[in-house]
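Some notes on the structure that comes next.
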Amino acid sequence: MFSALILDDEAPARKCLLGLLTENCPQLSSLFLAEDVSTAKRLVDQNKIDILFLDVNLGTESGFDLLQQGLTGNQALIFVTAHEAFCLKAIKVQAIDYLLKPIDIDELILAVDKATEFLNRTRLGAVMSPQPSDPDQQQLIVNHDKGFELFDRSQVVFAAAEGSYTVFHLEGSRKITASRQLGSYEPLLTNPTFFRSHKSYIINLRHLKGFSSKDGYTALLSEGHEVPVSRRKLPLFLELSQKMGS
């Protein structure tokens, strides 16, 4: 079981998120509330907090200010805010997710699942093999029904959720069906190279060949693959795509 802290200066927002987490995320056994940075820091110091839900705009303060307070532990960070402009800053502090208000319940559940998976991996040790300095050459170990596969991250064009399984689409039209959910692999497929364009897809931006807004938003990838981009993820997708191309 895990504990979490909600930092938001607006009482209705704290109450709303508290209710959503209580109803939909049973793995969170303890929930703490804070309206400002000093209260949040005191609660983190006095309790074992695993996950931080941080608002960006706290009047004269910011959720980012809490991260400058010398926190102990290795908390998973989830930003919950009405402001899209701070997505890249959240990525730079290695946030697990960045949720926009009003909160989408499915996205919230996915974010908590990612956070708990990250915490479990941190506690048990990484499942990745010893890593070279080049992130693209880091290897993934993927379990499937006949054993496991070991391959470089750079070979991944995209990964797709199929029920409780994940299908890795690799270079050369290879496919590997893994026996774990997509959220289990997201901590290993991290920004800026990889991006979760949709709740069911993680794409490798190095394989991005184009973008289409015809009949929805679509990322055009190498080898003719087309992957949807959700409306909520579109601004960050476009920003990251431009940075990759610069």
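The values are calculated or read from the model by the stated rules, or taken from the named source; none is laboratory data. Given the structure is predicted, the values throughout are model-derived calculations rather than measurements. So basically every Cβ, Gly included, is an ideal-geometry build from the backbone, and we count neighbours across all protein chains shown.
Data overview
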{"quantity": "Any hit, the range 51-71, residues being in contact with a helix residue (DSSP H, G or I) (Cβ under 9 Å, 6 or more places away or on another chain), among the β-branched types (Val, Ile, Thr) and at pLDDT 95 or above", "calculated": "yes"}
{"quantity": "Filter result (more than 17 Å from residue 163 (Cα to Cα) and assigned to a loop (DSSP other than H, G, I, E, B)) within the range 193-212", "calculated": "193"}
{"quantity": "The range 171-192, residues that are closer than 26 Å to residue 94 by Cα and part of a strand (DSSP E or B)", "calculated": "178"}
{"quantity": "Residue within the range 28-43 that is in contact with a Leu (Cβ under 6 Å, 6 or more places away or on another chain) and within 19 Å of residue 90 (Cα to Cα) present", "calculated": "yes"}
{"quantity": "Residues satisfying the stated conditions in the range 70-90, i.e. of a type in the set (A, V, I, L, M, F, W, C) and outside any helix (DSSP H, G or I)", "calculated": "71, 76, 77, 78, 79, 80, 82"}
{"quantity": "Residues satisfying the stated conditions in the range 43-69, i.e. assigned to a strand (DSSP E or B) and not charged (D, E, K, R)", "calculated": "51, 52, 53, 54, 57, 58, 62"}
{"quantity": "Meets criteria (outside any loop (DSSP other than H, G, I, E, B) and in contact (Cβ under 8 Å) with a residue 40 or more places away in the chain) for residue 106", "calculated": "yes"}
{"quantity": "Total residues in the range 213-230, condition part of a loop (DSSP other than H, G, I, E, B) and surrounded by 10 or more Cβ atoms within 10 Å (Cβ to Cβ)", "calculated": "5"}
{"quantity": "From 29, 38, residue being surrounded by fewer than 21 Cβ atoms within 10 Å (Cβ to Cβ) and part of a strand (DSSP E or B)", "calculated": "29"}
{"quantity": "Top-ranked residue in the range 65-80 [being surrounded by fewer than 19 Cβ atoms within 10 Å (Cβ to Cβ) and of a type outside the set (Gly, Ala, Ser); ranked as nearest to residue 3 (Cα to Cα)]", "calculated": "74"}
{"quantity": "Of the criteria (1) under 30 Å from residue 234 (Cβ atoms); (2) among the acidic types (Asp, Glu); (3) within 20 Å of the chain's Cα centre (by Cα), which one residue 23 fails", "calculated": "(3)"}
{"quantity": "Residues satisfying the stated conditions in the range 10-31, i.e. touching a residue at least 24 places away in the same chain (Cβ under 8 Å) and farther than 16 Å from residue 100 by Cα", "calculated": "11, 24, 25, 27, 28, 29, 30, 31"}
{"quantity": "Leading residue by the ranking (nearest to residue 106 (Cα to Cα)) among those in the range 231-246 that are part of a helix (DSSP H, G or I) and without any contact (Cβ under 8 Å) to a residue 40 or more places away in the chain", "calculated": "234"}
{"quantity": "Test: residue 13 is within 27 Å of residue 230 (Cβ to Cβ), of a type in the set (A, V, I, L, M) and over 20 Å from the mean Cα position of the chain (by Cα)", "calculated": "yes"}
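Quick grid of which residues meet (1) surrounded by fewer than 22 Cβ atoms within 10 Å (Cβ to Cβ); (2) small (Gly, Ala, Ser); (3) touching a residue at least 60 places away in the same chain (Cβ under 8 Å):
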site	(1), (2), (3)
164	yes, yes, no
168	no, no, no
173	yes, yes, no
183	no, yes, yes
187	yes, no, yes
196	no, no, no
204	no, no, no
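For every residue, the table says whether it meets (1) of a type outside the set (Asp, Glu); (2) in contact with a strand residue (DSSP E or B) (Cβ under 6 Å, 6 or more places away or on another chain); (3) surrounded by fewer than 19 Cβ atoms within 10 Å (Cβ to Cβ).
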| residue | (1), (2), (3) |
| --- | --- |
| 10 | no, no, yes |
| 19 | yes, no, yes |
| 22 | yes, no, yes |
| 33 | yes, yes, yes |
| 53 | yes, yes, no |
| 59 | yes, no, yes |
| 82 | yes, no, yes |
| 90 | yes, yes, no |
| 96 | yes, yes, no |
